[in-house]
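Peer 1: I have a structure here, written as structure tokens, and I will follow up with some questions on it.
What follows is calculated from the coordinates using simple rules that are stated; it is not laboratory data. Fair warning: this is a prediction, and the values are worked out from it, not measured in the lab. Glycine also receives a Cβ, built like all others from the backbone with ideal geometry; neighbour counts cover every protein chain displayed.
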Amino acid sequence: MSNYDSKAAFEVEIFDRTYRSGDGEDWPVRIYQPQAEGPLPVLIDVHGGAWTRGNYLNNQNIDEALARTGMLVMALEFRQSPKHIYPAQVQDVNYGTRWAMTHAAEFNGDPGNVGGLGTSSGGHSIMLSAMRYDDSRYAAEAVPGGEAQDASFRYVMTGWPVLDSHARYMYAKEAGIARLMEPSETYFPDEAAMQEGSPQQSLDCGDHRALPPMLILQGDKDDNIPLTIPERFVETYRAKGGSVDITYFPGMPHAFAQKPGADTDRAIGLMKEFLQQQV
């Protein structure tokens, strides 16, 4: 266990590195490195954007706030649809996690103390990788020098996550919400893939290797995520033996904690409390 202090206030150096190259493209990771004595606990950040948009700066306010408390935060960029379909993003999260573990010491990090943060569709990708970290498709590409690493997490924090990709699609389809239907249809080849690539279905079918301690932050006025999805996921996760804490934020919409405000401060405070328990 580290000497993590959720009330600390370190200076943070921010810079980019390339963690993966292929198909003529380089994929960056933004690193938020606290200027603190190490080795530091590591946090992998996976942004949202309905699998089709957004970038690794989406959660920069959260990432920097957590880094100031002594977390070495690594925010991944990754492949997106329509050019890259499922399971490309989960593969990149899995690869990026193993890359972070392999290179953590270079940035004063502890490769044995790694957790995850995923928001919206990033919550979907990070939970699939966390629960099925040794899935042969997700871990298909070896990390040079890190062949012995796996992508298992000590814990996972999520904000407004898509925890059932198929149920969310059906909700959008029945309600006629094109802005939610179309990204799902673009990223997943078909409904069968939405079901197979659903964290909820992984629980229902027992198709998971790990259930790391989990935190969910969810606005109760989120018109992207019907509350039946996190409610069912929490019930099933606990029934399967996992530990999960969920906090609902009254009146808050989707992605509320990406903007400054009292609820964002509260959300970051809850993350810090959770980290204090886990790292």
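Peer 1: Given the C-alpha atoms of segment 155-279, compute the convex hull and give its volume per residue in Å³.
Peer 2: Given the Cα convex hull of segment 155-279, per-residue volume reads 112 Å³.
Peer 1: When the helices in the chain are scored as -39500 (n - 2.57) per DSSP H run of 4 or longer and the sum is shared across all residues, what 222 nm value do you end up with, to the nearest 500 deg cm²/dmol? Mind showing how you got there, number by number?
Peer 2: Details: 9 runs with 98 residues, N = 279.
Roughly -10500 deg cm²/dmol at 222 nm, from the helical runs in the chain.
Peer 1: Okay, next question. In whole Hz, what ³J(HN,Hα) sequence does segment 75-87 give by Karplus (6.51, -1.76, 1.60; θ = phi - 60°), x for Gly and Pro?
Peer 2: So the J values, rounded to whole Hz, are 9, 8, 9, 7, 5, 10, 7, x, 5, 10, 9, 3, x.
Peer 1: To make sure I understand, if each residue's beta carbon is the centre and we count other beta carbons within 10 Å, what order do T158, T236 fall in, fewest to most?
Peer 2: T236, T158
Peer 1: Which of T247, T119 has the fewest other C-beta atoms within 10 Å, and how do the rest follow up to the most?
Peer 2: With the sparsest Cβ surroundings first, the list reads T247, T119.
Peer 1: Here is a follow-up. When V73, V234 are ordered from fewest to most other Cβ atoms inside 10 Å of their Cβ, what list results?
Peer 2: Arranged by neighbour count, lowest to highest, V73, V234 become V234, V73.
Peer 1: Could you go through segment 260-266 in sequence order and give the Karplus-derived ³J(HN,Hα) for each residue, using 6.51 cos²θ - 1.76 cosθ + 1.60 with θ = phi - 60°, rounded to whole Hz, and x for Gly and Pro?
Peer 2: x, x, 5, 5, 5, 4, 5
Peer 1: Expressed as a fraction of 2.2 N^0.38 Å, the rule-of-thumb size for a compact globular protein of N residues, what is the C-alpha radius of gyration of the chain? Write down the numbers at each step before the final one.
Peer 2: On the way: Rg = 17.3 Å, N = 279, 2.2 N^0.38 = 18.7 Å.
Output field value: 0.92.
Peer 1: Rg and Dmax of segment 124-173, Cα atoms, in Å?
Peer 2: Looking at segment 124-173, its Cα Rg and Dmax stand at 13.9, 45 Å.
Peer 1: So who's got an amide H within less than 5 Å of the one on D45, skipping anything under 5 residues away but keeping other chains? H placed 1.01 Å off N, in plane.
Peer 2: Those lying under 5 Å, H to H, from D45 are M74, A75, L76, L117.
Peer 1: Follow-up. For the chain, what is the relative contact order in percent, using Cα pairs closer than 8 Å and at least 6 residues apart in sequence?
Peer 2: Worked out over the chain, it gives 18 percent.
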